[in-house]
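FYI, it's all coordinate maths here, none of it is from the lab. Source: prediction; values computed, not measured. Note that we place each Cβ from the backbone using ideal geometry, even for glycine, and neighbour counts take in every protein chain shown.
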Amino acid sequence: MTEQPAPENPEGDEPIKQRKNGLYPAVSDELAENMKSGWADTELHDLRPIPQAQETARRRAELSARFPGERLVIPAGNLKTRSNDTEYAFRASTEYAYLTGDQTQDGVLVLEPTADGHDATLYLLPRSNRENGEFWLDGMGELWVGRRYSLTEGERLYGLPCADVRELAGALAKATGPVRAVRGHDAGIEAALTDKVTAERDEELRIFISEQRLVKDAFEVGELQKAVDSTIRGFEDVVKVLDKAEATSERYIEGTFFLRARVEGNDIGYGSICAAGPHATTLHWVRNDGPVRSGELLLLDAGVETHTLYTADVTRTLPINGTYTELQRKIYDAVYEAQEAGIAAVKPGAKFRDFHDASQRVLAEKLVEWGLVEGPVERVVELGLQRRWTLHGTGHMLGMDVHDCAVARTEAYVDGVLEPGMVLTVEPGLYFQADDLTVPEEYRGIGVRIEDDILVTEDGNRNLSAALPRTSSDVEAWMARLKG
Ligand code: GLY
Ligand code: MN
Ligand code: MN
């Protein structure tokens, strides 16, 4: 990577930020003058609005109606340092992207109260100034980080007025009247609002947006289906390279899935869990640095995030050599049965907890049947004794965040009722730790999870990830076909 040149007293009224200097010769007056001109006008005049512009407008209208008379501030967030002068890939805050469709770093949506609602403005970094050298001398100049949309282009794309974000903090600091902000994304904006906001009132704003996202609209369901479809292709990619993973490590699986995510989507929606052998019993195994061995299982839990930031969350537990052993199949089929029971409990009007209870009951029955815990099943379920091996909840809302709507109130989510348009995972599992002395030795080190993404429909549900085989025999046939 190249370091940036050091400007010498660049002309213009905007200060030039320098992240590094001293490694390059100073910029002569002649060069500075030369760089100001000779550039074509590249303004894009034929931009069409983003496809979800109507939906984002509706979401802002809902937000406006909930908080009349208050200024609402929703930042996209800033780059985060990885080390020295390198940063992590930017990912806009879910709240900002949900309400605008934009994903620009440092962007801020502001809803300004009016007599009959709010005026929304999108504050963005404009095109780089060429007069003062910013575009090539500033680390955030377009010559370094790429072209941005002009404010006029932003208005065409997002369907709301755009303004220069560099003026926002000053304006907010001077503003009067009630304000709420989504916290945790933009320290500069928060600093400008320090005396005007309270944590409790800000949290109400965050909760409202989280609950807005519980029911997905048609655009969102379409995006989730795209995320799932790409994810399925990523799983196929992995099966095709299992021999290479055996020759290297779980990292080969991680890298293979990541390639699909980056080529077809924005990124992975969460750290891929590529857990071979006993690593499958670690719920969030993301180190992915272990061996991949024939005869063992691979638990792959991964999801592609689309360009609009919707993620899939899918798990399959695959026999690395293509065929389950008798015990692996017995455990896999039990988890499958539990997942079937869970999926059957997903329908409008059902309690959110119902699918969890249905899956847990099946798993408890199996554990009793196998003699791993003493019955009766009712007692096991009542005391939660199966949880030594089932460990986690059976699913969660899915959307722009893998654990979506995470700050929704308990009564709206965990203690709530399912509605058409909700999308959730159903993901029971059984995990026998390698050091669990309470189970026969042959069980130890086996972990199985099956996870699908389920849309609640008017009359039941639709499995968005149904195209990926789920039964043990279908998984084997699918693997045999892919491995050729
Ligand atoms: N991938 C994390 C989860 O399944 O919730
Ligand atoms: Mn999940
Ligand atoms: Mn998962």
With equal scatterers on the alpha carbons only and no solvent term, can you work out the Debye log10 of I(q)/I(0) for the stretch 231-326 at 0.17 1/Å? -0.64
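Label the stretch 255-383 by shape, choosing from rounded, prolate and oblate, from the square roots a ≥ b ≥ c of the eigenvalues of the Cα gyration tensor; if a/c is under 1.5 it is rounded, and otherwise prolate applies when a/b is larger than b/c, oblate when it is not.
On the way: a/c = 2.59, a/b = 1.36, b/c = 1.91.
Oblate.
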With each label point set 7 Å from Cα along the Cα-Cβ vector, what nm distance links Thr438 and Ala467? 4.2
With +1 on each Lys and Arg Cβ and -1 on each Asp and Glu Cβ, how big is the dipole of the stretch 179-292 about its Cα centre, in debye rounded to the nearest 20? 120
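Find, among the trypsin sites (Lys or Arg not before Pro) in the stretch 225-292, those assigned to loop by DSSP (not H, G, I, E, B) with at most 16 other beta-carbon atoms within 10 angstrom.
Those that pass, being in a loop and sparsely packed, are Arg287.
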Between Val304 and residues 5 or more places away or on another chain, which pairs have amide H atoms under 5 Å apart, with H built 1.01 Å from N, and which residues are they? Thr231, Gly269, Ala312
The base-10 log of I(q)/I(0) that the Debye equation returns for the stretch 313-383 at q = 0.17, 0.27 Å⁻¹, one scatterer per C-alpha, is -0.73, -1.16
Mean-position separation - Cα centroids, the stretch 245-264 and the stretch 340-392, in angstrom: 34
Taking the Cα atoms only, what angle lies between the long axis of helix 53-66 and the longest principal axis of the chain, rounded to 10 degrees? 90
What is the distance, in nm, between label points placed 7 Å from the Cα along the Cα-to-Cβ direction at Leu143 and at Arg388? 6.8
Tabulate in residue order the Karplus-calculated ³J(HN,Hα) for the stretch 106-118, using 6.51 cos²θ - 1.76 cosθ + 1.60 with θ = phi - 60°, rounded to whole Hz; enter x for Gly and Pro. 6, x, 9, 8, 10, 9, 9, x, 10, 4, 10, x, 9
What is the dipole size for the chain, taken about its Cα centre, with +1 at each Lys and Arg Cβ and -1 at each Asp and Glu Cβ, in debye to the nearest 20? 680
Low-density loop positions, GluC sites (Glu not before Pro), the stretch 337-384 - DSSP coil, at most 11 other Cβ in 10 Å: Glu374
Computed from the beta carbon distance with a Förster radius of 25 Å, FRET efficiency for Lys244 and Val286 to the nearest 0.05 stands at 0.80
Once the piece of chain linking Trp39 and Asp119 is laid out straight, how much longer is it, given 0.36 nm per residue of separation minus the C-alpha distance between them? 25.3 nm
Residue-wise HN-Hα coupling along the stretch 440-456, computed from phi with Karplus coefficients 6.51, -1.76, 1.60 (Hz; x: Gly, Pro): x, 4, 5, 6, 5, x, 9, x, 9, 9, 10, 9, 10, 10, 10, 9, 7
Amide H contacts of Val27 (H built 1.01 Å from N, under 5 Å, at least 5 apart or other chain): Glu8
Check the straight Cα-Cα distances from Lys174 and name the lysines below 24 Å, setting aside those fewer than 8 residues away within the same chain. Lys196
Quick one: what are the phi-derived ³J(HN,Hα) couplings along the stretch 399-412, Karplus 6.51/-1.76/1.60 with θ = phi - 60°, whole Hz, x for glycine and proline? x, 6, 10, 5, 9, 6, 6, 5, 9, 4, 5, 3, 5, 8
In whole percent, what relative contact order does the chain give with Cα contacts below 8 Å and a gap of six or more residues? 12
Selected from Ala173, Ser128, Cys162, residue furthest toward positive end of dipole (the stretch 128-184; charges at beta carbon): Ala173
Between the modelled labels at Glu369 and Asp46 (7 Å from Cα along Cα→Cβ) the distance in nm is 6.3
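Could you tally the net charge around Asp237, taking each other residue with its Cβ under 15 Å from the Cβ of Asp237, Lys/Arg +1 and Asp/Glu -1? Could you put the intermediate results ahead of the total?
Numbers: positive: Arg233, Lys240, Lys244, Arg251, Arg260, Arg262, Arg316, Arg481, Lys483; negative: Asp229, Glu236, Asp243, Glu250, Glu254, Glu264.
Spelling it out: positives minus negatives among the neighbours equals +3.
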Under a straight-distance cross-link criterion of Cα-Cα below 25 Å, which lysines are reachable from Lys483, leaving out those fewer than 8 residues away in the same chain? Lys226, Lys240, Lys244, Lys330
